[in-house]
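Step one of this worksheet: look at the structure below.
The values are calculated or read from the model by the stated rules, or taken from the named source; none is laboratory data. If you're wondering where the values come from, they're calculated on a predicted model, not measured in any experiment. Because the Cβ atoms are built from the backbone with ideal geometry, glycine has one as well, and the counts that use them run over all protein chains shown. Calculation scope for accessible area: heavy atoms of the full protein, side chains included, ligands and nucleic acids excluded. Shrake-Rupley method; radii C 1.70, N 1.55, O 1.52, S 1.80 Å.
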Number of protein chains: 2
Amino acid sequence: MSKIRVEGRRRVVIEGIAPAVDGGRYAVKRTVGDEVRVEADIFADSSDALGAALLAHREGSAEWTEIPMRHLGNDRWAAAFRVSELGRYGFKVQGWVDHFESWRRNLLKRITASTDTPVDYEIGAELIAQAAERAGGADGDWLRARAAVLRFGGEAKHLRTHATDPMLQELVLRYPDKQFATESEPELMVAVEPERARFGSWYEFFPRSTAAEAGRHGSFADCERRLEYVAEMGFHVVYLPPVHPIGLSYRKGRNNTTEAQADDCGSPWAIGAADGGHKAIHRELGTEQDFQRFMARARELGLEVALDVALQASPDHPYVQEHPSWFRARPDGTIEYAENPPKKYQDIYPFDFETEDWRAMWVEFKSIFLHWIGKGVTIFRVDNPHTKAFAFWEWLIAEIKREYPDVLFLSEAFTRPRIMYRLAKIGFSQSYTYFPWRNGKQEITAYLREITQPPVRDFFRANQWTNTPDILTEFLQMGGRAAFGIRLLLAATLGANYGIYGPAFELMESQPLRQGSEEYLNSEKYEIRQWDLERPDSLRPLISRVNAIRNENPALQNDWSLRFHAVDNERLLCYSKEADDGTNLILMVINLDPHYTQRGFVTLPLDELEIPADRGYEAEDLLSGDRYLWHGPRNYVELDPAQRQGHILKLHRRLRLETDFEYFL
Amino acid sequence: MSKIRVEGRRRVVIEGIAPAVDGGRYAVKRTVGDEVRVEADIFADSSDALGAALLAHREGSAEWTEIPMRHLGNDRWAAAFRVSELGRYGFKVQGWVDHFESWRRNLLKRITASTDTPVDYEIGAELIAQAAERAGGADGDWLRARAAVLRFGGEAKHLRTHATDPMLQELVLRYPDKQFATESEPELMVAVEPERARFGSWYEFFPRSTAAEAGRHGSFADCERRLEYVAEMGFHVVYLPPVHPIGLSYRKGRNNTTEAQADDCGSPWAIGAADGGHKAIHRELGTEQDFQRFMARARELGLEVALDVALQASPDHPYVQEHPSWFRARPDGTIEYAENPPKKYQDIYPFDFETEDWRAMWVEFKSIFLHWIGKGVTIFRVDNPHTKAFAFWEWLIAEIKREYPDVLFLSEAFTRPRIMYRLAKIGFSQSYTYFPWRNGKQEITAYLREITQPPVRDFFRANQWTNTPDILTEFLQMGGRAAFGIRLLLAATLGANYGIYGPAFELMESQPLRQGSEEYLNSEKYEIRQWDLERPDSLRPLISRVNAIRNENPALQNDWSLRFHAVDNERLLCYSKEADDGTNLILMVINLDPHYTQRGFVTLPLDELEIPADRGYEAEDLLSGDRYLWHGPRNYVELDPAQRQGHILKLHRRLRLETDFEYFL
């Protein structure tokens, strides 16, 4: 006879706990103040009543909060807890057989059938006496007295009243018998990040291109003025490409030519020179003090600054001399540069993540992040994280977050889906997405559904960019001004987090390096550009309006409520978002066609949107100020892209007051 | 600085391994001879080439079989292994960065662009020399020699030939560098059961009702004759309700009345009397020797015998005296009988799975199974397993299977879905299903898809019953002869495992106890019935034909290939099944309406079915012998339920021979 290794009397089963990423291998992501709704399948053999509780705590704390779970039906149970602080929380689920409640439930049936007998009450008395032992104190005394009453017997009416007293049920429920309770394993984790992880408007610009005079290299002082321009448009985050010394060896010339001229400024991603590496500041941008002043000005304007961390080195980076083992040497003694044969990137050395000295390298990389955190930086946009070991990022982000849970990491991995998702799972707060290349109704709908619904949304947070210095899409190249409007409206309303690379975006820069390329002609990556921010055709007013709408409407500050709605025209896209508390409901209708007027009927699920079907409701266009009185589920829309590329409609549910007046909510 | 607890150079990630039940908590189910296809997401940072292998072994064996995995695209990899023996297998997945293949791939690009240099070959030589070290022996010598050639340099043409030699690639591949390989965790398990777990035709009958003369209690000798009748119809498994002594206390009378008459035989599920309990044989059925002769006769006829195990006791069961602590006592000293207030089942005592003596009780229950296994029984139909602790079944089935991996367990749990699935996960080989109550096209399609596709099919095996002694469905009560035909065709072609409760089924017994009840009037559960097996209207010929078709056509011996096809009539259901090797393709068209002729056009996905679209194909009705020449995807069907309730069509794909003759496969 082999040994029995389980506790056979533990009869409750707990399965299918949600949210959980890969069965609990990774933390679920939330932001401060969120309610974490937990569901689980909880059941036992036979027909006994069950009890269940959700237990939550700050990671590592011995203090658990216990929340009773309620049965949703079909063995699914739910409860929620609020995460009010940054950092990590843990939770687990408990379930137990509730013999008192089983007894009570059966007794009620017996009473209804008038088949209750004194023995039934004696059984209950025993269960209540046990609860009294668990309770102790005044509650224990109360329960003991009640048990005595039921045990003593007497008139049926009297026994029935005392046994079915709701107060008795409530009190016993407070002291459940958890002797053979089942507890879920492993503990599931929640990573709680600042609100900015969920909602933010980003603006990227090149510091080098901020000087007022043509040809001069921009400085942090110039950047301070640019901050005002960005803040006025209503953005929250300013993201700067690398600000470190740029290598001279193999420096790239304008338009990515391999022979740089003497006055070429090189790519800021070729990091490191005699002046220093990832912790130093490019001399032409200014001094440490200039950077500090820039940071202070950003803070004054309510802007957060995101720095770019690109873990790679120019041949002139101090690391190349100090840590030759961090690079891969070739048999001829040279260092392997980055390469995608036949393309060569001789101005960049990748780090060798298989070096024997990897521990020291990781620690040094961590010190780069700590350095900039020390200077007030709270957001890092990480360049190509998918070309560095996953294990490194998982370690690094956990290390940083342990001390600085307010710091955010944006993953710039334009690569295969599983790799992008893996980076999100191991800790990146946000990620760039495939959004720039999704232009059709079906592909937008499918992709946005995937990333805004479980399981993906529990670990992956999108940041939707219209363009980047590397991505000038065909749509923007070919669609003219309307195309920029369309992509702005889509990005800013599909993504609670969105960004533009400006001033290229608002000035509608659309010339590619060559046909078929997504690179900009005369890209700022390799030269200083001068931008006429006051150009009368700038999209700045539209951008400002859209950002203001985002800031005023909580519906646009989350992605989880996104719902697509039917339109009988393939070039019109309709969707809505709603605030968590249901008070703010915004409906978008976007013309995906930058060339032609499109018209059609939108069909709304009034039930789901909680709009009474029997009266009109107001659709207020927050872009134009127009107000429409809509009736029923089907309503007509028409959009001429030369005039307007979409509606952002605030839906006012009409309520009837008792006085029979109507008003708009 | 906190300690780094990982191996930072392990760069490969393995995720999303399938098949796996609940992340590996339970074994995946397969039958002997199956190929287990394993898929996984395998990827690393950067763009290095990867290698991956599937490792499989018999549980606990130190000998692993290694099968190279191939890349399916989008980071999904696959390989398969065959499970040729009963019992448990384990498998895991390995992935590693393949530096040689990365080098080779890049070298080929360089050669194409004519940018290869001697240093490139020296790098390769180093990688080949490392492979030589891992290889040793003759292969090592060969590789060392090749490394020397590449290191020595010389003419480009010469170097290129030697470096790109497929033999070199193959040989290096044989000795991969797994120093930093990633291995999946935990080991995933496969439970391999006999073919009968996947495919079998079951017949249930009451031994008490097998006597030739009216009123006499049937014996095992009578049952031997009944076996011939069952075997002739082409069944594989005979399932008998409990054959143990039946309690006298509170014995139920005919039609489940509470007052039994002196000659009432009681319910066989009220197990245990003075003659013994779960290991004894009901005196009126015969002796141990009679049972042994019955088993021998079954074996001769190629039939397996399934016994019913109902873990409950009549008040007269010896356990009640010997182990009073296994039952729940009430304060008045009586034992709690089974109850669902206000209904009382005083003839049955449930076991208390929360007894302190649970270990001894488990061990005793196990001995019941071992007892009958000792008598040649290989299949157990377990009565109401969901009213006993899950932990008990998980332990019991593992214990039995360790010694007797050929034994099967059928779960009779008609209860909520999660409970039925849980019982399957913890080891039951097969399960009764909701099939008896699925009559409409949408509900049949949805339910069958759920259970024949992952994740459910990896742990849950359906056994589709037309009826049971407890289940006379409304459809059978109201639909007449055609209804029995429809349900037979559905059960036998939707389910590779199916069963009927006879002779009630073939004799079309359809009177319920009362209107609205699913109980049979004059049920054999409470009385002896006499059946006229030779009645001319018996469905015996149809059943025999259907079983013969099942036995001859491998397509009907699996459930995984099930595909539903479009018909433009809601009362016609069309679906196909195919043999694993694709050589046997069977198409069903069933009229779900027992009253009216239904007609319509079936639309087949010819591509998926690998039927050439440009020529006719034969549809041979295996029930009627009719042959139809069909063309293209749309074909007409018409079924008068009074004549025939469905088609079972063997589709013969027509092939054109080189001689330009056509023939039917």
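Would you be able to tell me the number of residues in the range B:549-563 that are over 17 Å from B:Ala462 (Cα atoms) and either surrounded by 21 or more Cβ atoms within 10 Å (Cβ to Cβ) or touching an Asp or Glu at 6+ places or on another chain (Cβ under 9 Å) (or both)? It would help to see each step written out before you state the result.
Initially, the range B:549-563 is screened for residues over 17 Å from B:Ala462 (Cα atoms), giving B:549, B:551-554.
Narrowing the set further to residues that are either surrounded by 21 or more Cβ atoms within 10 Å (Cβ to Cβ) or touching an Asp or Glu at 6+ places or on another chain (Cβ under 9 Å) (or both) leaves B:554.
The number of residues fulfilling the criteria is 1.
Check the range B:482-505 and report whether any residue there is among the hydrophobic types (A, V, I, L, M, F, W, C), without any contact (Cβ under 8 Å) to a residue 40 or more places away in the chain, on the phi < 0 side of the Ramachandran plot and open to solvent by 10 Å² or more (accessible area, probe 1.4 Å). Spell out the reasoning first.
Pass one, the range B:482-505, residues among the hydrophobic types (A, V, I, L, M, F, W, C): B:482-484, B:486, B:488-492, B:494, B:496, B:500, B:504-505.
Narrowing further to those that are without any contact (Cβ under 8 Å) to a residue 40 or more places away in the chain: B:504-505.
Imposing the further condition that a residue be on the phi < 0 side of the Ramachandran plot reduces the set to B:504-505.
Restricting the remaining residues to those that are open to solvent by 10 Å² or more (accessible area, probe 1.4 Å) gives none.
No, the range B:482-505 has no match at all.
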* Where residues in the range B:302-317 are away from chain A (no Cβ under 14 Å), touching a strand residue (DSSP E or B) at 6+ places or on another chain (Cβ under 9 Å) and in a loop (DSSP other than H, G, I, E, B), which of them is most open to solvent (accessible area, probe 1.4 Å)? -> B:Asp316
* Asked: For the range B:378-389, which residues satisfy the criterion of being without any contact (Cβ under 8 Å) to a residue 60 or more places away in the chain, open to solvent by less than 10 Å² (accessible area, probe 1.4 Å) and facing another protein chain (nearest Cβ under 7 Å)?
  -> B:Ala389
* Considering residues of the range B:1-35 that are more than 14 Å from chain A (Cβ to nearest Cβ) and buried (at least 22 other Cβ atoms within 10 Å of the Cβ) only, the residue farthest from the chain's Cα centre (by Cα) -> B:Ala27
* Flag if A:Pro503 is in a loop (DSSP other than H, G, I, E, B), under 19 Å from A:Leu303 (Cα atoms) and assigned by TED's automatic domain parsing to the domain that holds A:Gly234 -> yes
* Options A:Tyr526, A:Tyr596: the member that is in a loop (DSSP other than H, G, I, E, B) and out of contact with any helix residue (DSSP H, G or I) (no Cβ under 9 Å at 6 or more places or on another chain) -> A:Tyr596
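Can you report the number of residues in the range A:159-169 which are among the hydroxyl-bearing types (Ser, Thr, Tyr) and either in contact (Cβ under 8 Å) with a residue 60 or more places away in the chain or open to solvent by 90 Å² or more (accessible area, probe 1.4 Å) (or both)?
First, pick out the residues of the range A:159-169 that are among the hydroxyl-bearing types (Ser, Thr, Tyr): A:161, A:164.
Going one step further and asking which of them are either in contact (Cβ under 8 Å) with a residue 60 or more places away in the chain or open to solvent by 90 Å² or more (accessible area, probe 1.4 Å) (or both), we end up with A:164.
Residues that pass the stated criteria total 1.
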* Report yes if some residue within the range B:92-105 is under 47 Å from the mean Cα position of the chain (by Cα), within 12 Å of chain A (Cβ to nearest Cβ), open to solvent by less than 20 Å² (accessible area, probe 1.4 Å) and of a type outside the set (A, V, I, L, M, F, W, C); otherwise report no. => yes
* To do: Could you grab the pairs with beta carbons closer than 9 Å, sequence gap of 6+ or different chains, first residue in the range A:141-158 and modelled with pLDDT under 95, second one exposed (fewer than 14 other Cβ atoms within 10 Å of the Cβ)?
  => A:Ala156/A:Ser114
* Asked: If you take the residues of the range B:334-348 that are without any contact (Cβ under 8 Å) to a residue 24 or more places away in the chain and not hydroxyl-bearing (Ser, Thr, Tyr), which of them is least open to solvent (accessible area, probe 1.4 Å)?
  -> B:Pro341
* **All positions within the range B:624-638 that are open to solvent by 90 Å² or more (accessible area, probe 1.4 Å) and part of a loop (DSSP other than H, G, I, E, B)** => B:His631
* Of the residues that make up the range B:251-273, is at least one farther than 26 Å from B:Glu336 by Cα, under 36 Å from the mean Cα position of the chain (by Cα) and free of Cβ contacts under 8 Å to residues at least 60 places away in the same chain? -> no
* Does B:Leu521 satisfy being surrounded by fewer than 17 Cβ atoms within 10 Å (Cβ to Cβ) and in contact (Cβ under 8 Å) with a residue 60 or more places away in the chain? -> yes
* Any hit, the range A:318-325, residues being more than 13 Å from chain B (Cβ to nearest Cβ), under 17 Å from A:Lys279 (Cα atoms) and not in a helix (DSSP H, G or I) -> yes
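I'd like the residue in the range A:404-432 that is of a type in the set (D, E, K, R), at the interface with another protein chain (Cβ under 10 Å from one of its Cβ atoms) and outside any loop (DSSP other than H, G, I, E, B) and, out of all such residues, is surrounded by the most Cβ atoms within 10 Å (Cβ to Cβ).
Residues of the range A:404-432 of a type in the set (D, E, K, R): A:406, A:412, A:416, A:418, A:422, A:425.
Now narrow it down to the ones that are at the interface with another protein chain (Cβ under 10 Å from one of its Cβ atoms): A:416, A:418, A:422, A:425.
Among the residues that remain, those that are also outside any loop (DSSP other than H, G, I, E, B) are: A:418, A:422, A:425.
On the way: A:Arg418: 17, A:Arg422: 27, A:Lys425: 21.
So the residue we want is A:Arg422.
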* For B:Phe392, indicate whether it is in contact with a Gly (Cβ under 9 Å, 6 or more places away or on another chain), outside any helix (DSSP H, G or I), more than 25 Å from B:Asn256 (Cβ to Cβ) and in contact (Cβ under 8 Å) with a residue 24 or more places away in the chain. => no
* Asked: Among (1) within 26 Å of A:Pro186 (Cβ to Cβ); (2) aliphatic (A, V, I, L, M); (3) more than 11 Å from every other protein chain (Cβ to nearest Cβ); (4) open to solvent by 20 Å² or more (accessible area, probe 1.4 Å), which single condition is B:Val38 missing?
  -> (4)
* Among the residues of the range B:469-481, write down those that are open to solvent by 10 Å² or more (accessible area, probe 1.4 Å) and in contact with a strand residue (DSSP E or B) (Cβ under 8 Å, 6 or more places away or on another chain). => B:Gln477
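Looking only at the range B:326-348, count every residue that is basic (Lys, Arg), in a strand (DSSP E or B) and at the interface with another protein chain (Cβ under 9 Å from one of its Cβ atoms) and tell me the total.
The initial filter retains those residues of the range B:326-348 that are basic (Lys, Arg), namely B:328, B:330, B:343-344.
Those left that are additionally in a strand (DSSP E or B): B:343-344.
Now drop any that are not at the interface with another protein chain (Cβ under 9 Å from one of its Cβ atoms), which leaves B:344.
Summing the residues that are basic (Lys, Arg), in a strand (DSSP E or B) and at the interface with another protein chain (Cβ under 9 Å from one of its Cβ atoms) in the range B:326-348 gives 1.
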* Which of the residues spanning the range A:349-375 are open to solvent by 30 Å² or more (accessible area, probe 1.4 Å) and part of a loop (DSSP other than H, G, I, E, B)? -> A:Glu354, A:Glu356, A:Asp357, A:Lys375
* Structure fact -> Of (1) in a strand (DSSP E or B); (2) under 21 Å from B:Asp120 (Cα atoms), A:Val382 fails just (2)
* Structure fact -> All conditions in (1) over 28 Å from B:Tyr498 (Cα atoms); (2) touching a His at 6+ places or on another chain (Cβ under 7 Å) are true of B:Arg208 except (1)
* When the residues of the range A:106-134 are filtered to those that are of a type in the set (Ser, Thr, Tyr) and open to solvent by less than 60 Å² (accessible area, probe 1.4 Å), which remaining residue is nearest to the chain's Cα centre (by Cα)? -> A:Tyr121
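Going through the range A:417-432 one residue at a time, which ones are more than 12 Å from the chain's Cα centre (by Cα) and free of Cβ contacts under 8 Å to residues at least 60 places away in the same chain?
Within the range A:417-432, A:Pro417, A:Arg418, A:Ile419, A:Met420, A:Tyr421, A:Arg422, A:Leu423 meet the criteria.
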* Asked: On the given criteria, is B:Val238 buried (at least 20 other Cβ atoms within 10 Å of the Cβ), of a type in the set (A, V, I, L, M) and assigned to a loop (DSSP other than H, G, I, E, B)?
  -> no
